[in-house]
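The values are calculated or read from the model by the stated rules, or taken from the named source; none is laboratory data. Fair warning: this is a prediction, and the values are worked out from it, not measured in the lab. Note: areas computed on protein heavy atoms with side chains; ligands, DNA, RNA excluded. Shrake-Rupley method; radii C 1.70, N 1.55, O 1.52, S 1.80 Å.
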Amino acid sequence: WRLYTAFCRLRSDCKLTTWVNCQLKTLNLDLTSNSKPSLKRLARKYIWWKTADEAVQNPERVLTQVMNLGDYADVEDLADLVGDPVLRQALSNAEAGQFTERGWAYWHYRLGLAELDNVPPMPVRNFQ
């Protein structure tokens, strides 16, 4: 997954705020095809304060919301939709407050990013 990250950051058409779009392009996942309705369905359920069309403009937010709040079926749908490399990237780029402690630990274990009782600290806000 680090290779995907390096590739994305080196591409001139990638912007920091759209890293997931770049990741999805890098992984050959085209959100304009069959996957977009699935992402919109998840956006309607987990980004309830926006329309689905507005929410999918920020797919990384949809990913982290589903990862943190999703039921089992939705989490499995998301994993099938984007794959573990994108989920790892979403977790590694998570901002403070996007995950509960329970969700943070779960995803680190599920994605093989932590050993038992050795989960990295959650992100914190920096006021600089």
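Report residue 67's accessible area, 1.4 Å probe, all protein chains in place, as a number in Å² to the nearest 10.
Around 10 Å² of this residue is reachable by solvent.
In square angstrom, what is the accessible area per residue of segment 86-128 with a 1.4 angstrom probe?
Values: 2940 Å² over 43 residues.
I get 68 Å² per residue for segment 86-128.
Per-residue HN-Hα couplings for segment 52-65, Karplus 6.51 cos²θ - 1.76 cosθ + 1.60 at θ = phi - 60°, whole Hz, x for Gly and Pro?
After applying 6.51 cos²θ - 1.76 cosθ + 1.60, I find 4, 5, 5, 5, 6, 5, 10, x, 4, 5, 4, 4, 5, 5 Hz.
Residue by residue, what Karplus-based ³J(HN,Hα) values in Hz, rounded to whole numbers, does segment 35-49 have, using 6.51, -1.76 and 1.60 with θ = phi - 60° and x for Gly and Pro?
Karplus-based 3J(HN,Hα) across segment 35-49 equals 7, 5, x, 5, 5, 5, 4, 5, 4, 4, 7, 10, 10, 5, 7 Hz.
Give me a comma-separated list of calculated 3J(HN,Hα) values for segment 92-98, in order, Karplus coefficients 6.51, -1.76, 1.60 applied at θ = phi - 60°, integers in Hz, x for any Gly or Pro.
5, 9, 4, 9, 4, x, 7
Ignoring ligands, DNA and RNA, please state the percent of accessible area on segment 65-128 from carbon and sulfur, probe 1.4 Å. Intermediate results must be reported in sequence, preceding the final value.
Values: 1810 of 3830 Å².
Result for segment 65-128: 47 percent of the exposed heavy-atom area is carbon or sulfur.
Can you list residues whose amide H is under 5 Å from residue 93's amide H, if they're 5+ apart or on another chain and H is modeled 1.01 Å from N?
For residue 93, no residues qualify.
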